[in-house]
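The values are calculated or read from the model by the stated rules, or taken from the named source; none is laboratory data. Note that this is a predicted model, so its numbers are computed, not measured. Backbone-built Cβ (ideal geometry, glycine too); neighbour counts: all protein chains shown. Just the protein is used for accessible areas: all its heavy atoms, side chains included, with ligands, DNA and RNA removed. Shrake-Rupley method; radii C 1.70, N 1.55, O 1.52, S 1.80 Å.
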Amino acid sequence: MKVIRNINFKQIFILLFASQVMWSCKMGENYQAPEIISPADYRFGTDTLVTTETDTIAWWEIIEDPILDSLIVKALVNNQDVEVALQRIQEAEKLYRMQKVETRPSLSYTGNVGYGNYSGFVNPNGGNFTYSGGAQLNWEIDLWGKNRRLSEAAMADYTGTIHGLRAVQLSVIAKVTEGYVTLLENKASLKVAEETLASRDSSILIMNDRYEIGYIPEIDLNQAQIQQAIAAASVPKYKRGIALSENALSLLIGENPRAFITDLNLDQQKRPPIIPAGIPSDLLKRRPDLLRAENAIISQNAKVGSAIAQRFPTISLTGFGGVATDVLSGTNAAVGAWNIGAGIVGPLFQWGKNKRRVEVEKARLEASIAEYERSVIIAFKEVEDALASVQFYREELIAREMHVKAAVNAERLSKERYDRGVTSYLEYLEQQRQAFEAELNLINLKSKILVSYVQLYKSLGGGWITREEKEQAEQEQSQN
């Protein structure tokens, strides 16, 4: 075998140097964050607070019910949506690692064995064994940044899945809290319904005795029976509500449906002080769903650059080193074999396919920007809704409490008037109905107030780091 000894290393060096110079070239524009016009402050915000990821509102700071706290911790571990989000992170990380190495040389091995009288030429002496083996090197010179842009996209996708996990965690915390509050509301309503039913059971006995002796007409007895039936129908209604709330909570914490023992009732739940809403522009840095949407733009912007790069030629360097022989055994020994080469491949006539590919990716980029802008507006709206709910529910609570106090007192006075024969039983029944409804409406309002705090906490992007992450961040800050 003829060995080539006059290798021009200078030319090879120049080729490699030129390729490295061109390596910095990347097609497409680098990412620029879209301009978002945010309001100067919130319409119903009272306080402002500049916050960062590590000092956002944490659920364990606004929730003082240990049972609810334990349910949230369990949900963050067992909830299937959280598990899916974790697996999406694993998937995106592996995809990023796979894409990142596309810019590096690849090395593979080859081995061949054969028997015959032809191995590029006819051997007149008959058939014999041949074998070869070695390593194959291939490196696509990423002159136009195609693979580097795809690596940028994969990295943005990976970062987006991390923010996606945060968004899922935040949603799970809010859902568990809302479900727990609904459970407490149904239990409180059931208590009022059972107490009202017990009271009307007692009243119906008295009314029946009065009717038997002819002291009251039958219509008064029937009206009392109607009110008793209304209270009796409310009891299974709220029992059903309790069961459905418990089933929903069980699903959120990743368990089969079961009953939950609660410690503090609805009235014992401490309403947190007004949560500072912060500066509206901070919301863009704090809400994980907005950060995920922004990373979608970054990813798509990089894909536009990759699509542009595909319109340019691809240059690859190849190399082979190994051994080969035309006889498996005999006097001829295996000899070294190698080669170095380069190739270029580029589109010539594709009927506009590559151009259309760029246009498709640009359209997707514009769509991702529009989706991000829409998500920002929705985020501002959700904060405003929550702030308005907190403010006006608190104002409504004052009126509802006055309503209950007056209705209960009116029911008592009406009963005294009826017992003295001053008024009709119909008036007393109306006061009973109003007092019962007023108590149930007050319970419902208290539940809405707690839920509005949860919605405010969620809309502000609070609580989406764990205790451990917050403690670690505080330790790092103390060390710096």
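Values for this structure:
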read-out: Candidates Ile204, Ile213 - the one that is without any contact (Cβ under 8 Å) to a residue 60 or more places away in the chain, among the β-branched types (Val, Ile, Thr) and open to solvent by 50 Å² or more (accessible area, probe 1.4 Å); value: Ile213
read-out: Residues located in region 211-250, provided they are of a type in the set (Lys, Arg) and either closer than 30 Å to Val73 by Cβ or touching a Leu at 6+ places or on another chain (Cβ under 8 Å) (or both); value: Lys239, Arg240
read-out: Some residue of region 429-446 being modelled with pLDDT under 85 and either open to solvent by less than 60 Å² (accessible area, probe 1.4 Å) or among the basic types (Lys, Arg) (or both); value: yes
read-out: Within region 406-424, considering residues that are among the charged types (D, E, K, R) and under 55 Å from the mean Cα position of the chain (by Cα), the one surrounded by the most Cβ atoms within 10 Å (Cβ to Cβ); value: Glu411
read-out: Inter-residue pairs, beta-carbon under 6 Å, first without any contact (Cβ under 8 Å) to a residue 24 or more places away in the chain and open to solvent by 50 Å² or more (accessible area, probe 1.4 Å) and in region 233-260, second not charged (D, E, K, R) and not in a helix (DSSP H, G or I), 6+ apart; value: Asn247/Pro257
read-out: Residue satisfying condition, being at pLDDT 75 or above, under 15 Å from Leu170 (Cα atoms) and open to solvent by 40 Å² or more (accessible area, probe 1.4 Å), within set Val101, Val77, Val82; value: Val77
read-out: Gly179 being assigned to a loop (DSSP other than H, G, I, E, B), within 20 Å of Pro66 (Cα to Cα) and touching a helix residue (DSSP H, G or I) at 6+ places or on another chain (Cβ under 6 Å); value: no
read-out: Single condition Ala174 does not satisfy, out of (1) assigned to a helix (DSSP H, G or I); (2) within 25 Å of Ser424 (Cα to Cα); (3) small (Gly, Ala, Ser); value: (2)
